[in-house]
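Chemist: Before anything else, here's the structure in question.
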Amino acid sequence: MSLAKCGTIMSLMETIAPKRLAEDWDNVGLIIGDGGKTVSRIMVCLDMPDWVLEEALEENVDMIITHHPLIFSGIKNINTDSNLGRKIIKLIKNEISLYSSHTNYDIAKGGLNDIFAKQLGFDNLKVIHPLNIEKLYKVIVYVPKGSEDKILESFSRTGAGFIGKYSSCSFRVKGIGTFKPEEGSHPYIGNKGILEEVDEYRLETIVPEESLTKTIKAMIESHPYEEVAYDIYELINKGNVYGIGRLGVLQEEMSLASYAEFVKKTLNLSSIRYAGPPDLKIKKVALINGSGSKYLKQVKSAGADVLITGDMQYHQTLDALESGLSIIDAGHFGTEIAMVKSVAEYLKSFSYKQGYDIEILESKTNIDPIVQI
Ligand SMILES: [Zn+2]
């Protein structure tokens, strides 16, 4: 068993929810703490109200991962006069790091929007409000014959060479590489001062923006040459589309009332609210976890019959109905609590595979504070 650093957990979280995906107004990442500190007990929760912080203190955790950030905007003082100040002081005094993945986790592939969609039986859905379209690069490297498979393996390992559901996608052509090792060089092939001609492959593959740095690093490490000759081109083709909300199509039409009942059951809710004609036939479903009301226009133009989200206010609901969009309000908590299990299971499986001595807890007190009777 080995010990993990807070920074290790941060990188793991950033693998599933890259910080660059977060909306501009958001505040994600390590909010409080020291990336170099060893962590052995981590608690995952949606929010950190007082009672969740107390639970974390009782459980003696050294890191808390929340969905909603504790600090959103600039604060001018940290003192015991405010609830926020008291919480910050408690965290620092008890050496507890606080990390948040918020809109970046909502938006990410396999993140909360996708988890929510999966809970309702949808897969591979269209993004309703695109915010970020992934850049793609072509990497071309010149490899001596015999080393091509090793380089290809380094591509696959670092997220390069994926096209749709295909991995290890590459192209290679044989050719002759030339070089003359100069003074101070340590050539893998050939001798100083002599022009060499070597059988080489021109190996090329496609790399998404987020993998580029690690792909180049792994490629250079796997390459036998002292100086690796390679080119990187930015492509006009685009990669994954990241954004808010997902649009799914039901296999069979359902009435609004029975679909609302299905959502309630599937999300294991004690109650649910809906607005729209109960017998309206539903086929296209939009999902936005948390508060989706500010995207009503985009949802409508995506052609959805109904939006499932949380936090719908009276007037926003009327606006939606007037535009011909029905609403199922499953609550902010109801549409997001799946984050806790999902992040905890992800960290547990990493910890198990890597032999890390970390205990991952799911908060027991972070329950829906709103009771509907
Ligand atoms: Zn939320």
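The values are calculated or read from the model by the stated rules, or taken from the named source; none is laboratory data. The model shown is predicted, which means the values in this text are computed figures rather than measured ones. Here the Cβ is made from the backbone with ideal geometry for all residues, glycine too, and neighbour counts use every protein chain on show. To get the accessible areas, we keep the full protein, side chains included, count just its heavy atoms, and leave off ligands, DNA and RNA. Shrake-Rupley method; radii C 1.70, N 1.55, O 1.52, S 1.80 Å.
Chemist: Of N191, N60, N104, which is the most mobile in a GNM of the chain whose springs link Cα atoms less than 10 angstrom apart?
Modeler: Of the options given, N191 has the highest mean-square fluctuation.
Chemist: Taking the highest mean first, how do the peptides 91-97, 169-175 order by number of other beta carbon atoms within 10 angstrom per residue?
Modeler: Packing proxy ranking, top to bottom: 91-97, 169-175.
Chemist: By per-residue mean of other Cβ atoms within 10 Å, what is the highest-first order of 68-77, 209-218, 241-250?
Modeler: 241-250, 209-218, 68-77
Chemist: Which of the aspartates and glutamates could a cross-linker span from K264 if the Cα-Cα distance has to be under 12 Å and same-chain partners fewer than 8 positions apart are dropped?
Modeler: Excluding near neighbours in sequence, the set is D329.
Chemist: Counting Lys and Arg as +1 and Asp and Glu as -1, what is the net charge of the other residues whose Cβ lies under 15 Å from the Cβ of Y230?
Modeler: -2
Chemist: Rounded, prolate or oblate, given the Cα gyration tensor of region 133-240, with a/c below 1.5 counting as rounded?
Modeler: prolate
Chemist: With respect to the cross-link table entries K284/K353; K214/K353; K214/K348; K145/K192; K5/K93; K138/K297, which display a Cα-Cα separation exceeding 29 Å?
Modeler: From K284/K353; K214/K353; K214/K348; K145/K192; K5/K93; K138/K297, over 29 Å: K284/K353; K138/K297.
Chemist: Solvent-accessible area per residue for the chain at a 1.4 Å probe radius, Å²?
Modeler: Value for the chain: 52 Å² per residue.
Chemist: Accessible area of region 133-240 with a 1.4 Å probe: how many percent of it is carbon plus sulfur?
Modeler: 51
Chemist: I want the antiparallel fraction of DSSP beta bridges within the chain, as a percent rounded to 5.
Modeler: 70
Chemist: Tell me whether region 1-64 comes out rounded, prolate or oblate; compute the Cα gyration tensor, take square roots of the eigenvalues as a ≥ b ≥ c, and use a/c under 1.5 as the rounded threshold.
Modeler: Cα axes put region 1-64 in the oblate bin.
Chemist: Measuring from a point 7 Å past the Cα of N240 along Cα-to-C-beta, which residues in region 156-173 have an amide N at less than 15 Å?
Modeler: From region 156-173, the list is 158-167.
Chemist: Å³ per residue of the Cα convex hull, for the chain?
Modeler: 187
Chemist: Turning to a different aspect of this structure: How much net charge surrounds H67 when only other residues with a Cβ under 10 Å from its Cβ are counted (Lys, Arg +1; Asp, Glu -1)?
Modeler: Net local charge, H67 excluded: -3.
Chemist: Non-local amide H neighbours of L131 (under 5 Å, H modeled in plane, Pro and chain starts lacking H): which ones?
Modeler: Y242, G243, I244
Chemist: At a probe size of 1.4 Å, how large is the accessible area of D47, to the nearest 10 Å²?
Modeler: Counting only protein heavy atoms, the figure is 50 Å².
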